1. Relative to the longest principal axis of chain B, what angle (0 to 90°, nearest 10) does the C-alpha long axis of helix B:104-113 take?
2. Would you compute, from DSSP H runs of 4+ residues alone, the mean residue ellipticity of the protein assembly as shown at 222 nm, taking -39500 (n - 2.57) per run and dividing by the full residue count, rounded to the nearest 500?
3. So, in Å, what gap is there between the alpha-carbon centers of region A:435-451 and region B:436-457?
4. Any chance you could run the full-extension gain for residue A:276 through residue A:392? It's 0.36 nm times the residue separation minus the Cα-Cα distance, nm to one decimal.
5. Round to the nearest 0.05 the FRET efficiency obtained for residue A:225 and residue A:18 when R0 = 45 Å and r is the Cβ-Cβ distance.
6. So, R0 is 56 Å and r is the distance between the beta-carbons of residue B:199 and residue A:429; what FRET efficiency does that work out to, to 0.05?
7. Highest first, please rank the peptides A:394-403, B:280-289, B:370-379 by the mean number of other Cβ atoms sitting within 10 Å of their residues.
8. If you count, for every residue in B:361-368, the Cβ atoms of partner chains within 10 Å of its Cβ, what is the mean?
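Values in this text are rule-based calculations from the coordinates and carry no lab data. Everything numeric here is computed off the predicted structure, so don't read it as measured data. Cβ coordinates were reconstructed from backbone atoms using ideal geometry, including for glycine residues, and neighbour counts include every protein chain displayed.
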């Protein structure tokens, strides 16, 4: 059965170097989540289908991977759907489970299911893979990790402040300087729509405004017109199109635009609170920037909206995002549970660090030291030293076979192993180890203590 | 849409304490894998169905979770199977992917697919979840983690020696003393079957022998008879039934039984090599024990067979196992790739550590210090201190709302937070922090430096 093995499209194998680099990012994020008081939870890879279906829109439903029921699943299949070969109608009768599509809906389900065990406000983080049957393309996969932190059970704006600090802390720790943390507020967008008489066209309005960067002012206006927003309304937006400058000066412009919208003024108040706190607390390497065109999943967010842009010298788009939602758990029957959360885009952060050569060199090293194997006696002598090295946390191994010296040295070279130890008769008699530094080529006979000291230096 | 949310049977949510405890085990195993020279790989959660199907026997095929194709999957469905409502026959035409059933077959697939990038011998570890549509029961789940380490590309027995050391190192690090590492060898079992003239009944023979502990000598003999093993053959087994004592004395008995089997003698030689090396190297807390009844997945293993038993005071069965297989990658067309590997049973190890109260107290702590929130000015003052605490690695948070003092203190109590900091007008003026030790109840006004020192002590 000589099949040529492969993996499903949109999925990936990760080799040791890639795993090490990914873990470097995960560990940095995880450590920061913890110092900010977030605690980890994990949820199953698959959920009951009715937990997931209908939560992400029609497109989302389509992209959810469904798991076929086990056993004689056709015995319970929908007869009519079978007859009509209606795949869509059949699915729910032959599939009860589906793979997690994101971490937010499972988190909402978790909060409702475990509400009696949870002490509110509840700050949780979750780092797990999700699956989407999306068309794979560069940087988009069918299996990928999400790294989420959320707080539920408090509508305090200090959470928003802390999430901005958290982004700054993580990217600073990753040595990725110059990220921009963009912020907006759903209430600003609603307020503007209200002011221009387009409250009923909020989505059309924001979808068009969101494109300002890409298609420019004229086309945005055109699109708004085509969606039925009045010319008079659009003309009121003029100050928006040229909005720039500092957080404070943008706020001043918004104040004039939104003077007659209570909701808009609330949004301004929230933004000012956050901006003032961040100014007082300071950011290490990131910049906070008001971006009134930022909408993201607007239907979802009710207050702050965040998005993090990679440094300007990398063409990558957003590497994180989030916002406040005021009814996360409502879909599972638990009302009035305000929440706010952010997410890190692992794959894109990986690409950015790779592009800017920011991965520390040490993380992709293989082992510290390889012992050459000359035969049974030498191997046993070596394993006694290796045991002590491992107890000191050194990654050490014995070449398993008494192969030719050259083969073993080649193995060390190919794997970039920094130290090789050679133990022959003479070394065993003297209780010494010939330690070869593979970078410099230098070789010396040393005691076990010196050996340990040198490879851990 | 007030549905009562739940999760699929056989799956689990993990709360923060459970995640912390699981990670404690994972991290201990991972760290040991690394010092032994193993490197991590990761493979996709789902594989192409033909990678998995047919690799685990009929029962395995049945237990593999299949993923329904996306879109109009019925358009490519097998017409005949549909008409006859033959679920089994239909599956391959509506499902191309399946969830990973173990880590071994994906590893074999990885080695073959990436053979040009891999430097042999290749020592890899892999810690990822697997899924089985098994009937859930106590300690058996439909989603669970496997922690595997394997070496391929060498038939050196030093690998077996090192795996025994590795088990000993991990369980010692977990403070789980007194585990028994049982070892056997497929060649011993084949040799015995040969000697008693039952080479063609090797599986029946070993399945029966494997039950010696549970059903006793007489029933084992009965079962062997019923499977067609001759009375004369069974009588030759008599020394086996009373086999006990030290590794060496058991080996002596085996030598007399297997004197006429070349394969059996090879097995003895391998066991002796391993026993001698382990005697020389020593084990910290585990015991190596020869167990000729040990078979595990016999069809699979070709040399050493391992199984780890929990300490005698815990009723748990095996907490790890493995062995040597000489043709792992043959299923994917790559011949003569010898391998040997072991696995840790995370869920059972968890239960054992829980039963023996061996989890370190520190791992389930929540945060180190909570700052009480009295309002905007106080919160901002507190966040400046919190920022510095976090930079020192302290897990610190501000209660998000300026709620009643009592509510905030209750929150700290319920979450078992060891320190609470109270900042009011007086503290701000004096640039001091009222630090309350929640265990002792002691409270003192301290500087930021002292605060940091006390909560990190």
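1. The angle comes out near 90 degrees.
2. Numbers: 38 runs with 390 residues, N = 914.
It lands at -12500 deg cm²/dmol.
3. 48 Å
4. On the way: separation 116, 0.36 × 116 = 41.76 nm, distance 4.88 nm.
So the extension gain works out to 36.9 nm.
5. Numbers: r = 49 Å, r/R0 = 1.08.
The computed FRET efficiency comes out at 0.40.
6. Working: r = 48 Å, r/R0 = 0.86.
About 0.70, to the nearest 0.05.
7. Details: A:394-403: 21.6, B:280-289: 15.7, B:370-379: 19.6.
Going from most to least packed, we get A:394-403, B:370-379, B:280-289.
8. Working: counts 0, 0, 0, 0, 0, 5, 7, 3.
That average works out to 2.
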